[in-house]
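Values quoted throughout were computed directly from the atomic coordinates according to the rules given, and no laboratory measurement underlies them. The structure displayed is predicted, hence computed values, not measured ones. Note that each Cβ is placed from the backbone with ideal geometry, even for glycine, and that neighbours are counted across all protein chains shown.
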Amino acid sequence: MMGKLQSAGVDGSDANADGDLDPSSEVVDSEDTQTHRRHHAPYKRQTQNLPKSDSQTFTGHNHVANSTHPRRMQRKAGRFYFKDGNVVFLVKRTLFKVHRYFFERDSPIFASMFSLPPPVPAEDRDSPPFVEGDSDEHPILLEGVCPQQFEQILSILYPSDFSSPDPQSIEEWTSVLNLATRWDFSSIRALAIEKLATELTGRSPALKLAIAKQHDIEHWLVPAYTALCIRNDPLDINEGRMLGLDDVISIENIRQSVRYPSNLNRDSESVARLVKQMFAICQSTSAYDV
């Protein structure tokens, strides 16, 4: 979910400017492919050949795009390229060959996508249809994602150690939360929120608030706003940049209204009620439920 909270995805120190994996990864020269179209929400329709997928973005639930890519160097993701995998994804220039079972099981978006019948190529109605994702030549193109982000969520589906998930830092878990939210992996999203709550203990409430707003974690909002309103220290520059002008002004208004120790509305529960009114939050979460 990614300093810059708006881009909390993990870029990875081992990636180059194009988001590729380590150069030691196995390299494959892909064949030219046709423009493949699927008429379904998870796909982003393409009407022309695009020279690079790196510039593509997606909104809403249009997170999975059909593949249109010229001949170019592609790398196999070593850890997540399984010989017995049955679906191939292309993330920038990296091929991931994994098992569609996990995606169908845990994501309604992918389950719906995989349930579609294979399209018949418009250019040649007599040729047999192929299935997107069935080979390195016809991968499913995931746009708006870098290989390191995809690896983070795959590491949850394929853990190297069941007792210790691969993601450890706030940035890594925020990256997992970002994709889990966008692709509707509800159980992985819940895990990421749980891990982030632990990792954020002792950190600025503004950081937790920024993550909560970006990824719709509603039960974090009132506690985080309240903590910022009742603490002795004002917002600093970095916190203000994370939250934005509107939140900074609203938080300062509440702080001003309860600034005096003799104010009867200074206790946490009273401030939490002011927070709900100021930010129009409808929830019964206690101010202490951080």
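Using only alpha carbon positions, build the gyration tensor of segment 131-290, then give the equivalent ellipsoid semi-axes as the square roots of 5 times its eigenvalues, largest first, whole angstrom. Write down the numbers at each step before the final one.
Working: eigenvalues 284, 48, 37 Å².
Sorted largest first and rounded, they come to 38, 15, 14 Å.
For segment 145-186, which chymotrypsin sites (Phe, Trp or Tyr not before Pro) pass both filters: DSSP loop (anything but H, G, I, E, B) and at most 14 other C-beta atoms within 10 Å?
On the way: sites: Phe150, Phe162, Trp173, Trp183, Phe185; in loops: Phe162, Trp183, Phe185.
Listed in order of number, the matching sites are Phe162.
Within segment 178-236, list the trypsin sites (Lys or Arg not before Pro) lying in a DSSP loop whose Cβ has at most 16 other Cβ atoms in a 10 Å radius.
The qualifying sites are Arg203, Arg231.
Cut-off is 10 Å between beta-carbons; in what order do Ser250, Ser186 appear when sorted fewest neighbours first?
With the fewest neighbours first, Ser250, Ser186 line up as Ser186, Ser250.
Would you mind getting me the FRET efficiency between Glu104 and Gln256? Use the beta-carbon distance for r and R0 = 45 Å, nearest 0.05. Don't skip to the end; give the middle numbers.
Working: r = 53 Å, r/R0 = 1.17.
Using R0 = 45 Å, I get an efficiency of 0.30.
Run the quick spin-label model on Ile249 and Ala197: label points 7 Å from Cα toward the beta carbon, then report their separation in nm to one decimal.
Those two pseudo-labels are separated by 3.4 nm.
What's the extension gain from Ala190 to Met73 if we count 0.36 nm per residue and subtract their Cα-Cα distance?
Full-extension gain reported as 38.5 nm.
Once label points are set 7 Å from the Cα along Cα→Cβ at both Ile281 and Arg231, what is their separation, rounded to one decimal in nm?
Label-label distance for Ile281 and Arg231, simple model: 1.4 nm.
Could you calculate the contour length gain from Gln168 to Lys83, that is, 0.36 nm times the residue separation minus the distance between their Cα atoms, to one decimal place in nm?
So the extension gain works out to 27.8 nm.
Exposure proxy check: Glu269, Glu252, Glu199, Glu143 ranked by fewest other beta carbons within 10 Å?
Final ranking by Cβ density, sparse to dense: Glu269, Glu252, Glu199, Glu143.
Please find the FRET efficiency linking Glu218 to Ser270, where r is the Cβ-Cβ separation and R0 is fixed at 22 Å, and quote it to the nearest 0.05.
So the FRET efficiency works out to roughly 0.60.
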